[in-house]
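One structure below.
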Protein chains: 2
Amino acid sequence: MSERIGFIGLGIMGRGMAANLLKAGFELTVWNRTATRMQDLVAQGAHAGADPADVAARSDIIITCVSDTPDVKTVILDEQGVIHGARPGALVIDCSTISPQATREIADALRAKGVFMLDAPVSGGSEGAAKGTLSIMVGGAGDQFERALPVFQAMGKTITHVGGHGAGQTVKLVNQVLVVGNCIAMCEALLFAQAGGVDLQKTYDAISQGAAGSWMFTNRAPQIIQRDWRPGFTIDLQQKDLRLVLEAADELGAPVPVTSLIFQFYRTLQAQGLGSEGNHALIKALENLAGFEIKAIR
Amino acid sequence: MSERIGFIGLGIMGRGMAANLLKAGFELTVWNRTATRMQDLVAQGAHAGADPADVAARSDIIITCVSDTPDVKTVILDEQGVIHGARPGALVIDCSTISPQATREIADALRAKGVFMLDAPVSGGSEGAAKGTLSIMVGGAGDQFERALPVFQAMGKTITHVGGHGAGQTVKLVNQVLVVGNCIAMCEALLFAQAGGVDLQKTYDAISQGAAGSWMFTNRAPQIIQRDWRPGFTIDLQQKDLRLVLEAADELGAPVPVTSLIFQFYRTLQAQGLGSEGNHALIKALENLAGFEIKAIR
């Protein structure tokens with residue numbers, strides 16, 4: 001008999017992930033701070049939990065998918081948190097992106113109650129969550145990874161066990177360093193192209209498949225060329241992840257000069273009220289410096 | 001009858017490109033400053049020219065593939081340069097990577113003699129030159145692009161006419177901004193991963209195919225993980241191209257803060273005598289800042 005799943009946090013990511021667990025046939029109990037967000041999933045056959053502890057009491061594996069380190073601490077460790085409902089032998093899987101160090105502390109607290117933990121942050125955006133094609137980077141014990149694999153397979157495609165507690169979070173932050181670095185490269189390149197008077201679409205066609213290529217350039221340069229700022233991933237969420245990178249890099253003594261600069265650029269865009277635009281709107285920080293914009297091609 | 005080709009500059013790139021023209025059946029006259037480099041191609045059926053003017057006198061289309069702006073000016077405009085041998089109606093194709101502004105000036109000088117010009121810098125490294133799979137970014141008149149297409153097709157795969165004189169060079173520089181930006185992102189990410197204690201190979205497996213992916217990460221991260229500094233493209237050549245970017249960006253008023261920082265990092269590596277290593281050895285500049293290295297996996 002497959003394990004009963006609890007799912008806490010039905011935001012832009014969690015909603016799609018929980019729906020895919022239902023589709024895969026898992027018995028599912030959900031909870032969300034804003035209760036109305038549970039209705040869709042309940043209509044599809046999920047149970048509604050009263051609070052995180054109640055979800056944990058009804059589940060063998062409890063997934064948390066919330067925004068930031070304090071949110072994870074709240075739903076797991078606070079008064080009505082998972083830790084007060086979970087039985088010994090239960091497994092908590094945190095799919096949020098949070099501090100690797102805090103992850104190790106939460107794992108310690110759960111271990112003291114006989115509860116296992118995996119950190120399993122995801123990459124792939126709301127589209128990947130909905131389609132079940134997420135990349136999932138997992139930290140924790142190997143036997144718990146094996147135990148959770150059917151659950152991961154219902155939600156993602158590239159599922160990698162990368163090390164012990166916190167390793168999944170560290171790899172997710174490595175991922176974010178690459179994402180924003182590739183993003184600033186794209187922004188500088190497109191603005192330089194605009195200044196140099198070349199056709200941006202032809203430029204894209206000439207170089208996107210070669211040594212200059214990246215997922216970011218392939219997918220987001222066309223959006224920039226059309227001045228389409230709809231988010232695959234918002235500036236606010238990107239900035240939250242970069243704060244985690246900078247904190248961890250400071251603790252670890254790792255120099256991240258470019259990531260640090262990008263953090264400052266995103267800061268200026270948040271100050272302009274652009275936090276809900278896509279992370280590729282980073283180019284607006286360079287445009288502000290330049291005093292000119294790239295022209296929209298429509 | 002196909003046009004007779006002259007080829008000037010048989011360096012690491014030009015050698016492979018000229019050989020592919022011979023293979024495609026073009027009649028070929030070659031010249032190189034260091035004459036011994038002509039021997040292989042002469043053995044394969046090429047004629048040896050006495051100097052660039054002599055090559056031009058024997059050819060309908062003259063290709064130049066040398067290092068930098070002054071070298072192109074020398075072989076085209078100096079006393080024994082192409083301009084003194086080329087007949088009206090001839091076409092000069094410059095496959096070097098040089099200043100877009102200088103390119104427009106050279107095109108003007110040639111036009112005054114009735115000689116056409118295309119700028120056609122290439123991307124894809126010595127491997128792409130040897131295999132005939134280069135990306136070629138072409139600036140100049142559309143009819144001359146059409147005329148040259150069979151020649152380009154013998155040397156490359158992705159051939160794009162991007163605009164007027166200098167546009168090929170501008171797009172090549174855009175390409176280089178992306179290459180080095182994706183490179184510094186990779187270097188920061190790997191050093192952060194090392195500091196965070198995660199397995200670099202597992203990290204690579206978990207994220208290289210997703211939103212963090214790039215040609216650079218896919219192809220050069222494995223080299224870095226093995227501390228293999230053999231060049232696909234050397235630091236010295238990369239630095240030469242970045243100097244062209246910074247000069248052009250300054251003229252055009254385009255802010256390139258990250259490219260500018262990378263230029264400074266490469267500078268420190270050249271000062272250490274590492275100019276002939278691959279451009280991915282950029283990570284050594286961060287390692288020097290950090291005071292630790294990523295561990296080799298062999």
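Each reported figure results from applying straightforward, stated rules to the coordinates on display, with no laboratory input. These figures come from a predicted structure and were not determined experimentally. Note that we place each Cβ from the backbone using ideal geometry, even for glycine, and neighbour counts take in every protein chain shown.
Mean separation of Cα pairs under 8 Å and 6 or more residues apart, divided by the residue count, gives segment B:119-240 a relative contact order of 21 percent. Against the main long axis of the alpha-carbon atoms of chain B, helix B:142-155 sits at an angle near 60°. Take every Cα pair under 8 Å whose residues are at least 6 apart in sequence, average their separation, divide by the length of chain A, and the relative contact order is 14 percent.
The charge dipole of segment A:5-164, taken about its Cα centre with unit charges on the Cβ atoms of Lys, Arg (+1), Asp and Glu (-1) only, comes to about 280 debye. Of the residues A:GLY16, A:ALA112, A:VAL122, the one whose Cα sits farthest toward the positive end of the charge dipole of segment A:5-164, with +1 on the Cβ of Lys and Arg and -1 on the Cβ of Asp and Glu, is A:GLY16. Compared with the dominant Cα axis of chain B, that is its longest principal axis, helix B:14-23 is turned about 50°.
Between 0 and 90 degrees, rounded to the nearest ten: what's the tilt of helix B:167-195 against the longest Cα principal axis of chain B? The helix B:167-195 is inclined about 20 degrees to chain B.
Think of the axis that spins chain A onto B; the A residue whose C-beta lies nearest it, and the distance in whole Å, is A:SER214, 2. When you restrict to C-alpha pairs under 8 Å that are six or more residues apart and normalise by the size of segment A:5-164, the relative contact order lands at 21 percent.
Charge dipole of chain A (Cα centre as origin; +1 on each Lys and Arg Cβ, -1 on each Asp and Glu Cβ, all else neutral): 560 debye, rounded to the nearest 20.
For chain B, the list of Cys residues with no other Cys C-beta under 4.7 Å reads B:CYS183, B:CYS187. For chain B, the 222 nm mean residue ellipticity estimated from helices alone, with every DSSP H stretch of n ≥ 4 adding -39500 (n - 2.57) and the total spread over all residues, rounds to -15500 deg cm²/dmol.
Between A:ALA254 and any residue 5 or more places off or on another chain, the built amide H atoms are never under 5 Å apart.
Copy-to-copy label distances for B:GLU105, where each label lies 7 Å from Cα along Cα-to-Cβ, are 6.2 nm in order of increasing length. Relative to the Cα centre, the charge distribution of segment A:170-290, modelled as +1 at Lys and Arg Cβ and -1 at Asp and Glu Cβ, gives a dipole magnitude of about 160 debye.
Just name one of A:ALA148, A:LEU173, B:ILE93: the one whose Cα is farthest towards the positive end of the charge dipole of the protein assembly as shown (beta-carbon charges, Lys/Arg +1, Asp/Glu -1). Checked the options; the winner is A:ALA148.
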